[in-house]
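Notes to accompany the following structure.
The values are calculated or read from the model by the stated rules, or taken from the named source; none is laboratory data. The shown structure was predicted, so the numbers you read here are calculated from the model rather than taken from an experiment. No Cβ is skipped: glycine too gets one built from the backbone with ideal geometry, and neighbour counts run over all protein chains shown. Side chains are part of the model used for accessible areas, which takes the heavy atoms of the whole protein and leaves out ligands, DNA and RNA. Shrake-Rupley method; radii C 1.70, N 1.55, O 1.52, S 1.80 Å.
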Amino acid sequence: MITYILRRTATAVIVVIGVMLAIFAALHLVYPSPARAVLGLKATPQAVAAFNHTHGYDRPLWHQFLTYINQTVHLNFGESLKQNQSVGQLFKENAGRSALLSGVALVIAVLIAVPLGIAQAVKRNSIFDYTATGVSFFLYSWPIFFVCLVLIAVFSLKLNWLPFEASQATSVFGVVRDAKSMILPVSALVIVSVAAFSRYMRSSALDNLAQDYIKVARAKGLSERSVLFRHLTRNSSLPIITLVGLSLPDLLAGNLIVESVFNYQGLGLLFFTALGNEDYPILLAYTLVGAILVVIGNLVADIALTLADPRIRLI
Amino acid sequence: MTPLVFRRSRFSFVALAAAGAILLAACGSSGSSGGGGKQAPNGAGSTSTTEGQYGTLPAESSNVITGGTVTYDIENGSQPQYIMPVTPGADTSVYNAEFQYLLYRPLYWTPQGNRPIINQALSLAKLPVYSNGNKTLTIHMNSQYKWSDGKPVTAQDVEFFIDILRAAVKENNANFGNYTPGAFPDNVVSMKTPDPATLVLNLDRAYNPNWYTDTQLVVIQPMPSQDWNIASTGGPHLDPSNAANAKKIYDFLNSEAKKVGTYASNPLWKVVDGPFKLTSFNPTTDANTMVPNPTYGGPVKPKFAELKAVYFTSSTAEFNALRAGKINVGGVPSADIPQVPLLRRTGYNVYGYPDLGFSYIVFNFKDKTNHWNNIISQLYVRQALAHLEDQQAIIKGVYHGAAAEAYGPVPAIPATNYVPANASTDPYPYSISDATNLLKSHGWNVVPNGTTTCQNPGTGPNQCGAGIPKGQNLNFTVYYTNDPPVAGQETIALQGAAKQIGVNITPVAKTFNFIIQNYDDPSAPQNNNKWQVENFGGFNEDIYPTTDEIFNIKGSFNEGGYTDPKADQLINASKFSSNPDALKAEASYITENLPAIFTPNEDRISAWKGITGPPDSFASLSQFGFTPEYWQLTK
């Protein structure tokens, strides 16, 4: 296992460097300098030149890339070109809030989707199954932006039960204390995730229900509860484990829409704003973090699979 | 006063907001939007509407309370991010200025209501007196203004600003967003303060007084010379007239201004001359809170207890807050105009008016591909294309009535002192037949819904023009910005009209950044032959709206490489002559000569609730004039 993890880590480093190179090249080839985006349309040529010199955009591309690598190795992500703060500070301010929103939504979604999918599989072709399938398809077809607006329109503006915006607390602890205001944004994420996860779960459970080991378990007199929880759930969860692993990057990145509609400042929005401003230091750091999370997510999923199913061996 | 910025929606999520508007429309009850154009808007109002105005301005109420908190919106992408008046280009925006001006007043305040002119009642100094053939000007300070530590705002404070500004731009041209080499402060040869209330500036040459006051002096924001003339916290007070000292002071002030998290606690920023003092500033969102500055010397002091800037991640979130009645003042994005009746029903007042500036569809005069440069250099071709633009239909269909017709760089709305006669009547009104006739009379075979071609090449009065061969078509591509969506809608409308005279337009969407960085003749000459026409928006303008740098031959922002010696001459006169009507002549010629197709100017709409004040204090929001000190909460 340790050898495997070390080998995967080495591969991950290569992948991450490749991503860094690709993103850096793509950014600089499309826009060699962000000066006009940052300084505005009425930036004089002299101001543009001064900006480029100050930030090194007048240097050869290879020189800029090596500088970027050197800074990254030293965990220095530079200063935002627009926000008068270091990228590290901006990440620190926003990452916890994004991770909390996504993490809570992910856990709740899994806790709902797994039993729901199994229940549907066990009671397949029943009214319950048809209803759950219909609702899942219905919700899955909704863009998340639309889900957010419906929730706000109904539960905030019409019924006035819940706040129209997420918690405005700046600390994670503050957000946790303001749980009521997080109900709608978390619900929006849960709704779209449950729809997807439960479909995978149902499909996987259906496959497993037809397996001999389930028949054997039942034949030897195990209770239905035991069959479902001890045998079926564990074996049917493999696709969900993979999906959850791949969802890890979403902890930081995946909630641009929810953050924007529910007025919740987070990393997704930070990235989107930086994209509009061509704020290179933020864009480079964000994609780097994203790449690392993808790699970690895959690794975690692989390891979790071996724990769930000992027949799977990491080699 | 208004910094020069690109005329672009502040809202980054216009598309999302549009979808939101659809949903909210479905959830709420329907109703006419009211307002806009020449229609009579609904809603309680006491003043009559004028063209281009959206909504009405209610009369000031006497049903008020003292104290309380007034809340207003700041949105993602338009947050204040720099507190010191010598603001770098990266942080320069009208929104940053709104924030700063609450703390640090500009020497000359604009606007006055919805008129982009100097408001003398709110200015720190009287209008300058020009002498010595317009090479010298004298500024007399208004005596009632004081810093929050009790010291008067003096001519030395203006001088200090200029000294620090000089140091900033000498260090790096990008250190001041409104700096153009050769202009202010470079054009100030010397200055003196014969007494604390008087500043004399000697200029490097004679300038048009209107140009100098309205474009150069309006960038001045006096700074507390006796408190900020230090190079370190607790350090000795330095003489800023010494360039080396000025650099040290600037470096220190700039480094402190970059510490966003300390804005509310740093003693430097506690010395203010504006109507408010900062008490909290959230570095993550830039949301902030201010309280009244008791020493403010302006004509009206704040009567409420707290002013809160509430941050929103998107215009959708901001509009939801308006719908929920959670903020007193907020902007209304154009995509949400159909929802205005819902706001009115919950007690909001809504008013909009175009801010000073112009929007245009830019011709590239340097693209030689397919003889485009020869085609577009013909005035009759530009006139024919201008006739294809149906401004009234665009205002109604694209802007929901919240825009005003504009035919040149100085529009009739909002009114300034420089509106030319031809700004009030469209010199090239929408007319397919006029466009057809112009082309036919110059040797083109017009094929409606087909392809119009040149049949009579040559340089005669009834021929196509120099460099246009027989069989040449008039087809071209328009690159338009995908955000805000109005640029695309305008372009599609033009495409439809052009088809009727056999001109085939290919609309291509690009990001705003891509267009301004790649399709701009002065800064990206390598791409001069890659684009014919573009629609990226336009410009906000100074209150003296000359097109200097935009339409003169060597203009840094002359996107399409427009070249016209007479235009240059007129622009030059606007800047340097003593003729007070020079700008009118310039604007009139540009309007007639069509370096671009000028498009309607969108209203800047605000909604407010639970507060009252003089109508002008709300009308000025349309011109980025933010004067909450005039407001009071209502019972």
Count the DSSP beta bridges whose two residues both fall in the protein assembly as shown, then state the antiparallel fraction as a percent rounded to the nearest 5.
80 percent
7 Å from Cα along Cα→Cβ at both B:S255 and A:I69: what's the point-to-point distance in nm?
3.3 nm
Simple Cβ-charge dipole of the protein assembly as shown, Lys/Arg +1 and Asp/Glu -1, about Cα centre, in debye nearest 20:
2740 debye
What nm distance separates the two modelled labels at B:T69 and A:S203, each placed 7 Å from Cα along Cα→Cβ?
5.0 nm
Mind checking the log10 I(q)/I(0) for the protein assembly as shown at q = 0.05, 0.06 Å⁻¹? Debye, one equal scatterer per Cα, no solvent, two decimals.
-0.34, -0.48
Using the Cβ atoms and a cut-off under 14 Å, what net charge is assigned to the surroundings of A:A119, where Lys and Arg are +1 and Asp and Glu are -1?
+3
Cα gyration tensor shape of the range A:267-315, rounded if a/c is under 1.5, else prolate or oblate by comparing a/b with b/c
prolate
Rounded, prolate or oblate: which fits chain B when a ≥ b ≥ c are the square roots of the eigenvalues of the alpha-carbon gyration tensor, with rounded for a/c under 1.5 and prolate only if a/b beats b/c?
oblate
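Just in the range B:488-584: which trypsin sites (Lys or Arg not before Pro) are loop by DSSP and have at most 14 other Cβ atoms within 10 Å? All intermediate terms of the calculation are to be shown ahead of the outcome.
Values: sites: B:K499, B:K510, B:K530, B:K554, B:K566, B:K575, B:K584; in loops: B:K554.
Sparse-neighbourhood loop trypsin sites (Lys or Arg not before Pro): B:K554.
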Cβ-derived FRET efficiency at R0 25 Å, A:L275 paired with A:A10, nearest 0.05
0.20
For the range B:358-599, just the Cα set please: Rg and Dmax, both in angstrom.
17.2, 52
Can you tell me the relative contact order of the range B:358-599? Whole percent, Cα pairs under 8 Å, sequence separation 6 or more.
28 percent
The distance between the Cα centres of the range A:117-154 and the range A:1-63, in whole Å, is 42 Å
Counting Lys and Arg as +1 and Asp and Glu as -1 over every other residue whose Cβ sits under 15 Å from the Cβ of B:D251, the net charge comes to +3
For B:W147, which sequence-distant residues (separation of 5 or more, or a different chain) have an amide H within less than 5 Å of its own amide H, given hydrogens modelled in the peptide plane?
B:V153
Theoretical ellipticity at 222 nm over chain A - DSSP helices of four or more residues, -39500 (n - 2.57) apiece, nearest 500
-22500 deg cm²/dmol
Rounded, prolate or oblate for chain A? Axes are the square roots of the Cα gyration tensor eigenvalues, ordered a ≥ b ≥ c, and the cut-off for rounded is a/c under 1.5.
oblate
Suppose every Lys and Arg Cβ carries +1 and every Asp and Glu Cβ carries -1, with no other charges. What dipole size does chain A come out with about its Cα centre, to the nearest 20 debye?
920 debye
At R0 = 41 Å the Cβ-Cβ FRET efficiency linking A:V150 and B:T369, nearest 0.05, sits at 0.25
If each K or R counts +1 and each D or E counts -1, the residues other than B:A493 whose Cβ falls under 9 Å of its Cβ total -3
Mind pulling the angle between the C-alpha long axis of helix B:94-103 and the longest principal axis of chain B? Nearest 10 degrees, somewhere in 0 to 90.
20 degrees
Quick check: the angle from helix A:267-277's long axis to the longest principal axis of chain A, C-alpha only, nearest 10 degrees?
40 degrees
Roll a 1.4 Å probe over the protein heavy atoms and report the accessible area of B:T262 in Å², nearest 10.
50 Å²
Among the trypsin sites (Lys or Arg not before Pro) within the range B:202-256, which fall in a DSSP loop and have no more than 13 other Cβ atoms within 10 Å of their own Cβ?
B:R205
Sorted by chain and number, the residues with a modelled amide H under 5 Å from that of B:A509, at a separation of 5 or more or across chains, are B:Y480
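Take chain A, mark every one of the trypsin sites (Lys or Arg not before Pro) that falls in a DSSP loop and has at most 11 other Cβ within 10 Å, then report the longest stretch left between them, sites excluded.
The longest uninterrupted stretch comes out as A:1-219.
What percent does the relative contact order of chain B come to when contacts are Cα pairs within less than 8 Å and at least six residues apart? Before the final figure, lay out each step's value.
Numbers: 1505 pairs, mean separation 137.1, N = 635.
22 percent.
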From most to least accessible, 1.4 Å probe, no ligand or DNA/RNA atoms counted, A:I17, A:I214 line up as A:I17, A:I214
So the angle from the long Cα axis of helix B:14-27 to the longest Cα principal axis of chain B, reported in degrees to the nearest 10, equals 90 degrees
Residues of the range A:134-172 with amide nitrogen under 15 Å from the 7 Å Cα-to-Cβ point of A:D178?
A:162-172
At a threshold of 8 angstrom on Cα-Cα distance, excluding pairs fewer than six apart, so keeping six or more, what relative contact order does the range B:415-489 reach in percent?
17 percent
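When ligands, DNA and RNA are left out and all protein chains stay put, how many square angstrom of accessible area per residue does chain B have with a 1.4 Å probe?
Heavy-atom accessible area per residue stands at 33 Å².
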Selection from A:V48, A:G174, A:P115 lying farthest towards where the dipole of the range A:35-180 points positive, charges on Cβ
A:P115
